[in-house]
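The values are calculated or read from the model by the stated rules, or taken from the named source; none is laboratory data. Remember, it's a predicted structure, so these values are computed and weren't measured experimentally. Cβ coordinates were reconstructed from backbone atoms using ideal geometry, including for glycine residues, and neighbour counts include every protein chain displayed. Ligands, DNA and RNA are excluded from the accessible area calculation, which covers all protein heavy atoms including side chains. Shrake-Rupley method; radii C 1.70, N 1.55, O 1.52, S 1.80 Å.
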Amino acid sequence: MHRKRYLSKRSLYKHQSLCVCGTLSPRHKEIGGSVEAQFEELQARLREVNDLESASALLGWDQTTYMPPGGAEARGRQMATLARIAHEKFTDDAVGKLLDELKPFEASQPYDSFAASLIRVARHDYDRAIKVPAPFLTELYTHAAASYDAWTRARPANDFATVEPILEKTLDLSRRYAEFFPGYTHIADPLIDASDYGMQAASVRTLFRNLRDQLVPLVQAITAQPPADDSCLQLHYPEDQQRAFGEMVIKRYGYDFERGRQDKTHHPFMTKFSIGDVRITTRFNEHDLGDGLFSTLHEAGHALYEQGVNPAFEGTPLASGTSSGVHESQSRMWENIVGRSRGFWQHFYPQLQAVFPQQLGNVDLDTFYRAVNKVQRSLIRVDADEVTYNLHVMLRFDFELAMLEGSMRVRDLPDAWHERMESDLGVAPPDNRDGVLQDVHWYSGQIGGVFQGYTLGNILSAQFYEAATRANPGIPNEIARGEFGTLHGWLKENIYQYGRTFTAPELVERATGSPLSFEPYIRYLRNKFSELYGL
């Protein structure tokens, strides 16, 4: 999970004409000192807003890691205050005036130059932000903090009744946000567009329908086979040893602990305060080896993206991943395509056996490889295998649209969840803890515009990996040697460094040579799981 509250962000949420310091090159100074001064003023204003947002993000990280429960009410107020001030500063008329005055300069520069990109992205964010009143953001942030605090208690207590009225207000806030953007086709469109620019409810529905037609037969074929034995993952694995092994792996991936750290939380996420401070969180279950390990690999994928952004973008709207879907593509690639591959475990399994000799000493590689890739009809999205995972996402996406449309009431969620899980996956949650309460998303900001990014990320992970291996056919062999430099380097060169310079559709086309396509993803799943299950 990339922890980015899109409702609170301004998007709400190799050719450079500028040097790293952000001043104009000599030929642009000839245009006149006013252009240089205007551009420097714009950057200064954007940095100030970024600093406020980073301070708010730090408070949010603390709330989910170390903050005592008694701080929840005040924390909501503090984050709301910072959000309001950041919003007011960004939507100041002076920012709009600077953007207007710099428009001719933007048009004179290459599209992918730092100057043109910064002005273009700042204008996009500004045009969205001025539609959202500051008092609304104050209300939103105050509610989000209280909602998250309530969820942390309600889920373990299996107490949906407590959060039901809170969720009703979240739904109301989400609808009100959408209403700031008139002219949409579906009420969810402004929410989706904020995190996955260019996507709409209709386009996501079509994509999901076509993907579902391919996935359901594959799930049925695999689950008709004898299930893989994953009992080796359910033994006792001390937390400290799990943590050390996971951190060793992500260091090998390229995660820089000089610019990051890992902590524990209820629902793992990645957050960034600057390009030099990109943090991840995880959780551990001493009787489920995969829980902590794959959470760590997943969040490290998000962090690799943010750590790989061009340092010249620091403090500007360019210094972030370009969309929810592209961000998730990196977490899912490093978690699944790399971290659950046979080559990966050919290298790392002997090391894991050395850490846990009693638990894994007599378990061969093939058994372990099948265990970490077990396909089964399961209750929990974050624990779901690669083949069934997207069915979990589609359930949530459909429920979000129904709630926003008004065709589903919050009070009906538990029963609807039970029925949909039974029909789609053949299992039903015994309680709300493992049903409607399991995901933090609806209880930490908004309803709508987030879940589609997970499946878009799965699709793009395979498309990006296929492009990387097409350019560098030796990548799978390097992974089998525990070497990730070539893959990481390709991703930095083709995705990470650009931050938000390009929109997701532009970036996908540049990196892979084609628009978004789920065909590489289906090829990946069929090839991998046909071999595993003898289909």
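The conditions of being surrounded by fewer than 22 Cβ atoms within 10 Å (Cβ to Cβ) and closer than 25 Å to Tyr389 by Cα are met by Arg212. Residue by residue through segment 355-374, note down the ones that are under 21 Å from Val338 (Cβ atoms) and either open to solvent by 10 Å² or more (accessible area, probe 1.4 Å) or assigned to a helix (DSSP H, G or I) (or both). Val355, Leu360, Leu365, Asp366, Thr367, Phe368, Tyr369, Arg370, Ala371, Val372, Lys374, listed by residue number. Say whether the condition of being modelled with pLDDT of 95 or more, closer than 26 Å to Leu218 by Cα and not hydroxyl-bearing (Ser, Thr, Tyr) is met by at least one residue in segment 491-507. Checking segment 491-507: not a single residue is modelled with pLDDT of 95 or more, closer than 26 Å to Leu218 by Cα and not hydroxyl-bearing (Ser, Thr, Tyr). Residues in segment 232-253: is at least one among the basic types (Lys, Arg), crowded, with 16+ Cβ neighbours inside 10 Å and closer than 19 Å to His488 by Cβ? Within segment 232-253, not a single residue is among the basic types (Lys, Arg), crowded, with 16+ Cβ neighbours inside 10 Å and closer than 19 Å to His488 by Cβ.
Considering segment 36-61, the residues that are among the acidic types (Asp, Glu) and at pLDDT 95 or above include one that is surrounded by the most Cβ atoms within 10 Å (Cβ to Cβ), namely Glu53. Please determine whether any residue of segment 118-129 is over 22 Å from Asp412 (Cα atoms) and loosely packed, with under 15 Cβ neighbours inside 10 Å. Yes, that holds for at least one residue.
The set of residues in segment 468-513 that are outside any helix (DSSP H, G or I), in contact with a Gly (Cβ under 7 Å, 6 or more places away or on another chain) and within 16 Å of Gly339 (Cα to Cα) comprises Ala480, Phe484. For residues that are β-branched (Val, Ile, Thr) and either in contact with an Asp or Glu (Cβ under 6 Å, 6 or more places away or on another chain) or part of a helix (DSSP H, G or I) (or both), tally how many sit in segment 381-416. Summing the residues that are β-branched (Val, Ile, Thr) and either in contact with an Asp or Glu (Cβ under 6 Å, 6 or more places away or on another chain) or part of a helix (DSSP H, G or I) (or both) in segment 381-416 gives 3.
Scanning segment 451-467 for residues that are crowded, with 23+ Cβ neighbours inside 10 Å and of a type in the set (Gly, Ala, Ser) yields Gly453, Gly457, Ser461, Ala462.
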